[in-house]
Amino acid sequence: MRHIISILLENEAGALSRVSGLFSARGYNIESLTVAPTEDESMSRMTIVTSGSEDVIEQITKQLNKLVEVVKVVDLFEAPHIERELMLIKVRAGPKDRDDLKRMSDIFRGRIIDVSEDTYTIELTGTGQKLDAFIEALGKTAILETARTGACGIARGQRVLRI
Amino acid sequence: MELSGAEILIKCLQAEKVEYVFGYPGGAVLFIYDELFKQNKVKHVLVRHEQGATHAADGYSRSSRKVGVALVTSGPGVTNAVTGIATAYMDSIPMVIITGQVPTHAIGLDAFQECDAIGITRPCVKHNFLVKDVKDLALTMKKAFYLATTGRPGPVLVDIPKDVTTDKCKFEYPETVSMRSYNPVVKGHPGQIKKAAQLLLEAKRPMVYAGGGVILSDASPQLTKLVKMLGFPCTNTLMGLGGFPATDKHFVGMLGMHGTYEANMAMQNCDVLVAIGARFDDRVIGDPAHFGQVPRKIIHIDIDPSSISKRVKVDVPIVGHVLDVLDDLISLIEAGKQRPEPKALNAWWEQIKLWRTKDCLRYDRKSKIIKPQYVLEKLYEITRGDAFITSDVGQHQMWAAQFYKFDKPRRWINSGGLGTMGFGLPAAMGVQLANPGASVVCVTGEASFQMCIQELSTCKQYRLPIKVVNLNNRYMGMVRQWQQFFHGNRYSESYMDALPDFVKLAESYGHVGISIEKPADVEPALKEAFKRTDELVFLDFITDQTENVYPMVGGGKGLTEMILAEEL
């Protein structure tokens, strides 16, 4: 089953490779991984989307907690949560396609953030599924390039991940 | 006053009361060696290969409760040390490894003797640090010793670029250290301990299964007390030997792949199992599905949450320091009136006695060729069970574990997790330095011994009177045994041809060598060796080539699917 694991870790060189090394060494799967410093510069927050049986997920969280630079680990799937991913997508936008593409982008609540003679670059946020749906709707021939951040997530309500 | 990084490093080691550093010099650590030269509090032991440095530091730590320290240079110094670091990591041994690194400005430029020490060792250390600024050095060293010794212990590596050893700053060694991301649990959860006590008291067929965690947390007195108080059978893992006295009537022997018949049967057939500082690994319980066929309640005490429910689901997990948890468990049971029901317990012991009659460790005592088991029995008698025994890896290791009855912890020093051939001799050096005057024996085989044979030279330099018991069967015995059992007697590359004359070899290093070919000569030779209290004696026992280790649970088999010695 798919899980989103949020990790607070020391913002130090090498911390990322400890986490990614753990996943590869123990054969855990990484669907996506995003990381950036938090409002407290000394700490980073990492979001890993992974999948596995309950036993595997339990081992993943335990092994992550064991890493010396990891401060806190939360499996967001244990409670209601929000998940978002950002995608930048560059599409072929010749004169006769432009209106269609604009409309499609509006339907998905995307924003066109760069325009050239025959391309549009669209910014789109949402769940991974929504981004997949947009790609599907555009069709492969229109797409020149995509850049996706991978999911990041946060718990709903008053639950917070901080020290 | 400002001190150089090298001076600071030595001051840190002194502050940590480090007695010995096992190491080998090289370009990146020259300033550190220069500072070592200028003082005499921290003694340096010059090994002949960096693997020897890490194993020696490891043996020193295992036998003394202190932190083993190794010092090696950058590049090949680090890569040679990796085997020893991984060995310590698998067995959770507290060590600090200091590695030289090329100067900070040269890192990443493929400089001479540069390697990514942090990257290479990351999967086999508890933690590692690259010190980029001399101002961070003292705190990093403090953290390294703190991390190595607390929680689940393990090796910690500190990589120091050469320019950091010459840069200067003010030195102040922190008294204490705390890390927000590292807070190991000590006390077990009282509710869980209560549940465990209740389960134990209600057990009809109880079993105590104790591992290396008991040794590491110095909890042998507590384990012994608990077992005797309850009258339960107790088994030790390979790593746990000596954690419970082997000559006590409650001891049913080691369990696992080469465990005793009674230990494995009791493990499988018990109704309540308490695992203490052990991790249900593949060499201990075999196939987890087979192990899980029998319903039983499992209590698991371990300091590392990730060890719990990793291979086997448990009913009552207790995360905490084994020593503290056992103290609490004992107090709780002592305070209550309830005791295990004697009738059920007696019936269980009767069953175990029946299993014991299999006499699973029997061997041919009338053999005209030396049986390795016989050598170990005699070794046990002559040393009165009081020696420190290190071993390499293979058949000799298993026979030593089966036939030398360890009554005290930290006497049995072997590479259990990683299974590192070549461990025995350098580890024995560390043991001997930590325990001057004690009898230290390295039980080895002719294949393993050749993997770190160069350390015979170190033994001469530091006058380490180790006794080497070489069970020489001219085969990689354990490999040959597997090939006999599981590969149709095809002895692919397991024969050691062109062996050296070990007696002459020992002599060439300045030691004493004795070759023993007849069973009648075993005892006199051992006695002769132990008379030479100030010399290393290499005893080359020419043993039966065809002898196998029994019982044996084949790889991936169930714990009770044992191959036993043929009827003699």
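Things to note:
- Search result, residues across segment B:75-97 that are farther than 30 Å from B:I303 by Cβ and either of a type in the set (D, E) or assigned to a loop (DSSP other than H, G, I, E, B) (or both): B:G75
- Applying the criterion of being touching a Ser or Thr at 6+ places or on another chain (Cβ under 6 Å) and not aliphatic (A, V, I, L, M) to the residues of segment A:122-152, the residue that is surrounded by the most Cβ atoms within 10 Å (Cβ to Cβ) is A:C152.
- Any hit, segment B:5-20, residues being surrounded by fewer than 22 Cβ atoms within 10 Å (Cβ to Cβ), touching a Lys or Arg at 6+ places or on another chain (Cβ under 6 Å) and free of Cβ contacts under 8 Å to residues at least 40 places away in the same chain: yes
- Sole exception among (1) under 18 Å from the mean Cα position of the chain (by Cα); (2) buried (at least 24 other Cβ atoms within 10 Å of the Cβ) for B:C459, by number: (1)
- Count of segment B:273-330 residues which are within 14 Å of another protein chain (Cβ to nearest Cβ), on the phi > 0 side of the Ramachandran plot and in contact with a strand residue (DSSP E or B) (Cβ under 6 Å, 6 or more places away or on another chain): 0
- Any chance B:V375 is within 20 Å of B:H258 (Cβ to Cβ) and either in contact with a Leu (Cβ under 6 Å, 6 or more places away or on another chain) or at pLDDT 95 or above (or both): yes
- Test result for B:D58, within 20 Å of B:V21 (Cα to Cα), acidic (D, E) and in a helix (DSSP H, G or I): yes
- In segment B:254-300, the residues that are of a type in the set (A, V, I, L, M, F, W, C) and under 20 Å from the mean Cα position of the chain (by Cα): B:M254, B:L255, B:M257, B:A275, B:I276, B:A278, B:F280, B:V284, B:I285
- Filtered residue count, segment A:1-17, keeping only those that are surrounded by fewer than 17 Cβ atoms within 10 Å (Cβ to Cβ) and either within 11 Å of chain B (Cβ to nearest Cβ) or without any contact (Cβ under 8 Å) to a residue 24 or more places away in the chain (or both): 4
- Selection from segment B:257-291 of residues that are under 19 Å from B:I303 (Cβ atoms) and hydrophobic (A, V, I, L, M, F, W, C): B:L273, B:V274, B:A275, B:I276, B:A278, B:F280, B:V284
- All told, A:L64 falls short of being among the hydrophobic types (A, V, I, L, M, F, W, C), over 18 Å from B:I118 (Cα atoms), outside any helix (DSSP H, G or I) and within 10 Å of chain B (Cβ to nearest Cβ).
- Considered as a group, the residues in segment A:21-63 that are surrounded by fewer than 17 Cβ atoms within 10 Å (Cβ to Cβ) and of a type in the set (D, E, K, R) include one that is nearest to the chain's Cα centre (by Cα), and that residue is A:E31.
- Test result for B:T104, in contact (Cβ under 8 Å) with a residue 60 or more places away in the chain, within 14 Å of chain A (Cβ to nearest Cβ) and β-branched (V, I, T): yes
- For A:S20, the criteria (1) of a type outside the set (A, V, I, L, M, F, W, C); (2) touching a residue at least 24 places away in the same chain (Cβ under 8 Å); (3) closer than 17 Å to A:T149 by Cα hold in every case but one, which is (2).
- Members of segment B:147-185 found to be within 11 Å of chain A (Cβ to nearest Cβ), over 21 Å from the mean Cα position of the chain (by Cα) and free of Cβ contacts under 8 Å to residues at least 60 places away in the same chain, listed by number: B:M179, B:R180, B:S181, B:Y182, B:N183
- A:R26 vs. criteria basic (K, R), within 11 Å of chain B (Cβ to nearest Cβ) and more than 14 Å from A:V73 (Cβ to Cβ): yes
- Here A:I107, A:I112, A:I122 are screened, and the one residue that is among the β-branched types (V, I, T) and under 19 Å from the mean Cα position of the chain (by Cα) is A:I122.
- Members of segment B:352-367 found to be in contact with a helix residue (DSSP H, G or I) (Cβ under 7 Å, 6 or more places away or on another chain) and not in a loop (DSSP other than H, G, I, E, B), listed by number: B:I352, B:W355, B:R356
- Of all residues making up segment B:50-87, the number that are within 20 Å of B:C442 (Cα to Cα), surrounded by fewer than 24 Cβ atoms within 10 Å (Cβ to Cβ) and not β-branched (V, I, T): 2
Yes/no matrix, rows are residues, columns are (1) more than 12 Å from chain A (Cβ to nearest Cβ); (2) assigned to a helix (DSSP H, G or I); (3) at pLDDT below 95:
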| site | (1), (2), (3) |
| --- | --- |
| B:T99 | yes, no, no |
| B:L109 | yes, no, no |
| B:G119 | no, yes, no |
| B:P123 | no, yes, no |
| B:K132 | no, no, no |
| B:L137 | yes, yes, no |
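- Every residue from segment A:1-37 that is part of a strand (DSSP E or B) and basic (K, R): A:R2
- All conditions in (1) in contact (Cβ under 8 Å) with a residue 12 or more places away in the chain; (2) touching a strand residue (DSSP E or B) at 6+ places or on another chain (Cβ under 9 Å) hold for B:S64, with the sole exception of (2).
The values are calculated or read from the model by the stated rules, or taken from the named source; none is laboratory data. Here the structure is a predicted model, which means the values were calculated and not measured. Here Cβ is always computed from backbone atoms with ideal geometry, including for glycine, and neighbour counts include all displayed protein chains.
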